[in-house]
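Chemist: Here it is: the structure, laid out below.
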Amino acid sequence: NIYGEMERSYPPRDNSCVISVSGRRSSQLFYPEEYPREDPVVMARRLGILPGGQWKPLNCHPLFNVAIILPYRHRQSQLAIFMNYIHPFLQSQNLDYRIFVIEQSPMREFNRAKLFNVGYAEATKINDFHCFIFQDIDLIPQNPNNIYACTKMPRHMSSSVNTFRYNLPYTGLFGGAIALTRKQFERVNGFSNVFYGWGGEDDDFYSRLQSRGFQITRFGPDVAQYYMLTHKKEPPSTTRFANLESGARRYDTDGLSNLEYRVLNHQLRPLYSWILADV
Ligand code: BGN
């Protein structure tokens with residue numbers, strides 16, 4: 001039972017929300033292409049989403065308080081599909097949540113890991129979030145039982161992706177979509193900041209977790225199913241091997257502890273908080 005592994009954000013009380021995805025069976029999958037599209041402003045109004053992409057259930061006390069951090073650049077149509085899909089998905093899980101899109105300014109190569117650190121830092125200024133989901137916007141969770149909240153141990157959420165034929169390519173894969181409590185994230189000093197370009201930053205993060213003695217959790221492959229939106233593949237970075245190799249020497253000095261960036265712009269958009277950062 002996956003629910004026994006969940007780490008609640010709030011103590012139990014009268015009228016706590018139940019973890020249930022009402023009326024939907026776990027075998028029922030959702031394909032983004034089949035999902036009706038709606039104008040963001042209309043959707044926000046219809047679903048009661050507050051400016052900046054914030055929502056919580058009003059008829060029960062939520063169990064989980066979650067910040068969803070999405071690094072972003074140049075993927076406008078994917079962003080629209082993701083937002084259109086994810087809000088009803090998250091609402092069906094009765095979460096208290098807010099979505100952050102952290103866009104990297106054009107100056108340098110994409111740094112997914114550092115954008116996660118920036119998202120954590122900016123989210124923490126707004127609210128005392130208990131749980132963080134760090135994920136790519138091209139990944140669409142297909143099973144509503146894949147709860148967007150934290151577990152007792154750091155969780156790899158996207159272990160079953162269509163582009164890998166719903167198989168886990170290697171045991172140490174910790175990319176795609178992950179869930180960590182604030183405490184777990186802070187314990188490993190967040191992500192490394194040095195991984196510019198594609199690849200390796202998630203492997204480094206997995207090593208960080210291992211070095212601190214964390215076991216990681218995964219839900220079953222049926223629950224952890226994701227559909228990846230198609231896009232052109234990034235060429236892998238040439239520095240990723242060297243950065244990985246020297247990673248262990250930097251766990252304490254490279255991460256949240258030395259995070260430096262500039263916020264160039266920020267807006268409360270109807271379906272998410274948008275932050276443009278120079279990293
Ligand atoms: C790995 C990448 C990960 C990526 C997965 C899945 C590296 C480091 C050198 C071995 N790791 O190969 O970052 O998430 O593939 O695409 O490139």
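The values are calculated or read from the model by the stated rules, or taken from the named source; none is laboratory data. This one's a predicted model, so the numbers in the text were calculated from it and none came from an experiment. Because the Cβ atoms are built from the backbone with ideal geometry, glycine has one as well, and the counts that use them run over all protein chains shown. Areas reflect the complete protein model, heavy atoms only, side chains present, ligands, DNA and RNA absent. Shrake-Rupley method; radii C 1.70, N 1.55, O 1.52, S 1.80 Å.
Chemist: Return the total of residues in the range 210-259 being away from the ligand (no atom under 15 Å from the Cβ) and over 30 Å from residue 32 (Cα atoms).
Modeler: 17
Chemist: Still on this structure, I have one more. Are there any strands (runs of 3 or more DSSP E) wholly within the range 210-279 with 3 or more residues that are more than 24 Å from residue 167 (Cβ to Cβ), and if so which?
Modeler: Result: 262-268, 273-278.
Yes or no, residue by residue, for (1) without any contact (Cβ under 8 Å) to a residue 12 or more places away in the chain; (2) at negative phi; (3) assigned to a loop (DSSP other than H, G, I, E, B); (4) not charged (D, E, K, R):
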{"residue": "107", "(1), (2), (3), (4)": "no, yes, yes, yes"}
{"residue": "125", "(1), (2), (3), (4)": "yes, yes, no, no"}
{"residue": "129", "(1), (2), (3), (4)": "no, yes, yes, yes"}
{"residue": "133", "(1), (2), (3), (4)": "no, yes, no, yes"}
{"residue": "145", "(1), (2), (3), (4)": "no, yes, yes, yes"}
{"residue": "180", "(1), (2), (3), (4)": "no, yes, no, yes"}
{"residue": "185", "(1), (2), (3), (4)": "no, yes, no, yes"}
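Chemist: Out of 211, 237, which single residue is among the small types (Gly, Ala, Ser), touching a helix residue (DSSP H, G or I) at 6+ places or on another chain (Cβ under 9 Å), at pLDDT 95 or above and closer than 18 Å to residue 178 by Cβ? Even if it seems obvious, please write down each step before you answer.
Modeler: Working: 237 fails: closer than 18 Å to residue 178 by Cβ.
Checking each option against the conditions leaves just 211.
Chemist: Return the residues of the range 236-279 that are among the small types (Gly, Ala, Ser) and under 19 Å from the mean Cα position of the chain (by Cα); say none if nothing qualifies.
Modeler: 255, 273, 277
Chemist: Kindly indicate the residue of the range 169-209 that is touching a strand residue (DSSP E or B) at 6+ places or on another chain (Cβ under 7 Å) and more than 9 Å from the ligand (Cβ to nearest atom) and also most open to solvent (accessible area, probe 1.4 Å) among those meeting that condition.
Modeler: Looking at the filtered set, the residue picked out is 182.
Chemist: Mind telling me which of the residues 97, 72 ends up being farther than 21 Å from residue 34 by Cβ and touching a residue at least 60 places away in the same chain (Cβ under 8 Å)?
Modeler: 72
Chemist: Which number in (1) in contact (Cβ under 8 Å) with a residue 24 or more places away in the chain; (2) within 17 Å of the chain's Cα centre (by Cα) marks the one condition that residue 198 misses?
Modeler: The one condition residue 198 does not meet is (2).
Chemist: Further question: If you check every pair at least six apart or on different chains, which have Cβ atoms under 8 Å apart with a residue in the range 235-250 that is farther than 11 Å from residue 208 by Cα first and a residue that is more than 10 Å from the ligand (Cβ to nearest atom) and among the acidic types (Asp, Glu) second?
Modeler: Note: pairs meeting the criteria are 237/109.
Chemist: Would you confirm, using the coordinates I've provided, whether residue 46 is open to solvent by 80 Å² or more (accessible area, probe 1.4 Å), more than 17 Å from residue 140 (Cβ to Cβ) and modelled with pLDDT of 95 or more? Outline the logic, then answer.
Modeler: On the way: open to solvent by 80 Å² or more (accessible area, probe 1.4 Å): yes; more than 17 Å from residue 140 (Cβ to Cβ): yes; modelled with pLDDT of 95 or more: yes.
For residue 46, the condition - open to solvent by 80 Å² or more (accessible area, probe 1.4 Å), more than 17 Å from residue 140 (Cβ to Cβ) and modelled with pLDDT of 95 or more - is met.
Chemist: Would a scan of the range 243-258 turn up a residue that is touching a strand residue (DSSP E or B) at 6+ places or on another chain (Cβ under 9 Å) and either basic (Lys, Arg) or closer than 25 Å to residue 137 by Cβ (or both)? Walk me through how you get there before you give the answer.
Modeler: The first filter runs over the range 243-258 and keeps only residues touching a strand residue (DSSP E or B) at 6+ places or on another chain (Cβ under 9 Å), leaving none.
No, there is no match, as no residue in the range 243-258 is touching a strand residue (DSSP E or B) at 6+ places or on another chain (Cβ under 9 Å) and either basic (Lys, Arg) or closer than 25 Å to residue 137 by Cβ (or both).
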